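Heads up, the thing below is written out as structure tokens.
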Amino acid sequence: MQEQTETKVKVDRALAPVGTCVTLSDRFISEENPLGILTDAAILIEGESVVWVGKQDDVPARFDLSAADIQDFSRQTVLPGLIDAHTHLVFAGSRAAEFDMRVHGDTYLEILAKGGGIQATVRATKEASFDELYEMGMRRLDVLLREGVTTVEAKSGYGLSVEGELRLLEVLEALNRDHAVDVVPTFLGAHTVPREYKDAPEKYVALVIEEMIPRVAERNLAAFCDVFCEEGVIDVKTSRKILEAASRHGLKLKLHADQLTNSGGGLLSAELKATSADHLEYFPEDEVPRFREGGVVAVLLPVAAQYLMMQKTPPVHAFLSHGVPVALATDFNPGSAPCLSLLTAMTIGACLYRIPTEVVIKGVTLHAARAVGIEGKIGRIEAGYQADLSVFPVRDYRLIATTYGGVLPQRVMKRGHWRFVTENCGPAEGL
Ligand SMILES: [Zn+2]
């Protein structure tokens, strides 16, 4: 007779029971349960990964929990670690004065043309040392982590010279190495044409294509190449040249598209099968099916829209009805979105676009993972996924997406380790 010996799987940690577990796992998602929510759940973790998630009563016998650290979150909601899919994380200087200029009628593009806007941040960033930029980046990541964010996309674009752009990407590389939050770097040398190339913009574009992109790619300093595609910034024809060059060097593509005018950036992103197109206020609604065909994630940036006092909103409901994945992000930057709070961006987005909380939650987890090119690893609570988790002190997950700064996480886990823990969660208990 053969003896059956089952090897037990050792578990380091167990979150059990979890009151509300927002898995976003295909196994639990249904029409009635679009986020795959489980109540009275268990999440088992070994090393850096989730090894099992399901109802607590269903934990298979093959898991050995004898040495596991088991914690009770029966009064909490656990979400996948949040993902901020669009930030300009590293810069120096303030652009607060531009707010009053806009209130008095100057537009974003007029301020840029006068040498303000991005150009002002480029000057201030140039004056800051590597260490100063690094320290600011570390503190900003701390703030995001405390909100439950475990992965951040971050762009260069305030260097606008070969050395300046490489330096910002090196800062991002150091931040990714040293901070618990993962930083996905994007090269944005084509953020605008710097003033010194005003009369010969083609020379700057040649610098981006012939020097910056090859050096960034060679040193593996960026996962993506992005362009601020807009009339008066980088036109669609030039954007195409830059992105095609980046693609040839193995970089994935993103675009700042159709934010201030319908300049054709959204359509270009579909044609080039970019990973994401971001902003999209002026993207024409009847072209939305092209996004679906091109596999583009629509990244919405509601804080920038609100801060620039824009009247127009992207065709969000057409994106949703055509099955285009929609992500939401802060667009953290000093000029048009000085907002280091993804939770605030979520609530602004929910109101501005009239979208239900389930869309908002997917926009900072499942779909944001796709927008940063690491779906399959983050953005869900599922076996085989990274153990990136945010624990909120409420049972009703909708409060997280619809409360301005009131519901903050109690704990945040990155790769199986608690990286933020607090006993004081503010007013959340009273909600
Ligand atoms: Zn941006």
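The values are calculated or read from the model by the stated rules, or taken from the named source; none is laboratory data. What you are looking at is a predicted structure, and each value in this text was computed from that prediction instead of being measured. Cβ placement follows ideal geometry from the backbone for every residue including glycine, while neighbour counts extend to all protein chains displayed. These accessible areas exclude ligands, DNA and RNA; they are computed on the full protein's heavy atoms, side chains included. Shrake-Rupley method; radii C 1.70, N 1.55, O 1.52, S 1.80 Å.
Details
- The stretch 331-431: translational diffusion in µm²/s, Stokes-Einstein, Kirkwood Rh over Cα pairs, 10 °C, 1.306 mPa s: 108 µm²/s
- Glu210, Glu153, Glu287, Glu135, reordered so the largest accessible area comes first (probe 1.4 Å): Glu210, Glu135, Glu287, Glu153
- Short-range pairs are left out: with C-alpha atoms under 8 Å and at least six residues apart, the relative contact order of the stretch 82-371 is 18 percent.
- In terms of its Cα atoms, the stretch 112-176 spans 38, 22, 18 Å along the principal axes, sorted from long to short.
- Extents of the stretch 1-140, largest first, come to 85, 40, 28 Å (Cα atoms, principal axes, whole angstrom).
- Taking every alpha-carbon pair within the stretch 141-209, the share separated by more than 19 Å comes to 41 percent.
- Among the DSSP helices (H) of the chain, those spanning at least 15 angstrom by Cα along their long axis with an average Kyte-Doolittle hydropathy of 1.6 or more are 342-353; this is a geometric and hydropathy rule only.
- Assigned charges on the beta-carbon of Lys, Arg, Asp, Glu; the chain dipole about Cα centre (debye): 120 debye
- Solvent-accessible ranking of Val421, Val59, largest area first, probe 1.4 Å: Val421, Val59
- Relative contact order, whole percent, for the stretch 234-312 stands at 25, derived from Cα pairs under 8 Å and 6 or more residues apart.
- Under the criterion of Cα pairs below 8 Å and six or more residues apart, the relative contact order for the stretch 256-374 equals 23 percent.
- A 1.4 Å probe over all protein chains sorts Glu173, Glu281, Glu6 by accessible area into Glu6, Glu173, Glu281, starting with the largest.
- Given charges at Cβ of Lys, Arg, Asp, Glu: the stretch 288-381 dipole, positive-most of Val326, Met310, Val288: Val288
- GNM top mover of Tyr307, Tyr197, Tyr385 - the chain, alpha-carbon springs below 10 Å: Tyr197
- Here Leu408 sits with roughly 60 square angstrom of accessible surface, probe radius 1.4 Å.
- Expressed as a whole percent, the accessible surface of the stretch 1-65 that belongs to carbon and sulfur atoms is 45, based on a 1.4 Å probe.
- Projected-area mean, the stretch 264-411, by convex hull of Cα positions, square nanometres: 9.2 nm²
- Each 20 Å bin from 0 upward holds the following percent of the Cα-Cα pairs of the chain: 27, 55, 16, 1, 0.
- For the pair the stretch 355-431 and the stretch 58-97, the centres of their Cα atoms are 6 angstrom apart.
- Among beta bridges that DSSP assigns inside the chain, antiparallel share in %, nearest 5: 40 percent
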